[in-house]
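Asks: Provided herewith is a single structure, encoded as structure tokens, for subsequent inquiry.
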Amino acid sequence: MELAYYSDYAVRLVNTEEPSRGKDTLTSVDAVRDLFGVNQSAARRATDADVTRFRSVRTRLRAVFEAADGGDETLAVDLLNSLLLEFPVSPQISGHDFRDDDGRPLWHMHLADHPSNATAGYAAIATMGLAFHLTEYGVDRLGLCEAAPCRNAYLDTSTNRSRRYCSDRCATRANVAAYRARKRLEADRSQSTGRAADTTQRASANGER
């Protein structure tokens, strides 16, 4: 498993909250455990106390995405480095769960955490994964959805660095909104042109009289 895979941990955590909409799904220990996905052994360590701790890490991870999205590369790296120092991990070679056709282990890099609690374990993996993604693909690959008021975090893996939205749904919604805005502008211009033409015609008619 490539270490950059773990960057999804950061995205999942950040997107449990939509500040502009006043939504927050990180409200219980079950919500915390759901974030671990298939890593149920780590999820079982979560307690009610981790809800508050997870929210704190979420705020700091969102700040990384906000800095990157705003073009402040140095700040994004500084914020991420502070998380790396606070939540260290030990990269290890692993062969569990992955076998080739002959039954031999498919060796891959794995992040082994040594947490004092579930939050520390999750934060360590999420932060290291995000760090690998940033250094591998560039800080401009960390973004926030442009479909207001969404602002969910995403990782741009497109070949031409063109991603602007967190999902196809948001992309469609933004395109529809832009289309309707163009149509309203065209209608307004048409009405303005029509009124101007009427004014000119009346002025011309008055002049002839």
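Asks: Residue 73: net charge of surrounding residues, Cβ under 12 Å, Lys/Arg +1, Asp/Glu -1, itself excluded?
Replies: Net of charged neighbours comes to -3.
Asks: Sticking with this structure for a sec: Using the Karplus equation 6.51 cos²θ - 1.76 cosθ + 1.60 (θ = phi - 60°), what ³J(HN,Hα) coupling, rounded to whole Hz, does each residue of segment 62-68 give in order, writing x for Gly and Pro?
Replies: Residue by residue, segment 62-68 yields 4, 4, 5, 5, 5, 5, 5 Hz.
Asks: Write down the Kirkwood hydrodynamic radius of segment 1-61, to one decimal in angstroms, obtained as one divided by the mean of 1/r over all alpha carbon pairs.
Replies: 12.1
Asks: Can you list the HN-Hα couplings for segment 21-38, worked out from phi with the Karplus curve (6.51, -1.76, 1.60; θ = phi - 60°), rounded to whole Hz and with x for Gly and Pro?
Replies: 9, x, 10, 8, 8, 8, 10, 8, 5, 5, 5, 5, 5, 4, 5, 6, x, 6
Asks: A further question on this structure: Would you mind checking which residues have amide H under 5 Å from residue 152's amide H? H placed 1.01 Å from N; only 5 or more apart, or other chain.
Replies: Distant-sequence amide H within range of residue 152: 145.
Asks: While we're on this one: Gain in length, residue 191 to residue 168, computed as 0.36 nm per residue apart minus the alpha-carbon separation, to one decimal in nm?
Replies: Taking residue 191 through residue 168 to full extension adds about 4.8 nm, to one decimal.
Asks: In nm, to one decimal, how far is the modelled label at residue 156 from the one at residue 21, with both set 7 Å along Cα→Cβ?
Replies: It works out to 2.3 nm between the two label points.
Asks: Quick one: which residues, 5 or more positions from residue 163 or on another chain, have an amide H under 5 Å from its amide H? H modelled 1.01 Å from N in the peptide plane, none for Pro or chain starts.
Replies: 158
Asks: OK, next. With θ set to phi - 60° and the Karplus curve 6.51 cos²θ - 1.76 cosθ + 1.60, what are the ³J(HN,Hα) couplings of segment 69-76 in order, to the nearest whole Hz, using x for Gly and Pro?
Replies: Working through the residues one at a time gives 5, x, x, 8, 4, 5, 5, 4 Hz.
All of the numbers you see were taken from the coordinates with simple rules; none came from a lab. In this text, all values refer to a predicted model and were calculated from it rather than measured experimentally. Virtual Cβ from ideal backbone geometry, glycine too; neighbours counted across all protein chains shown.
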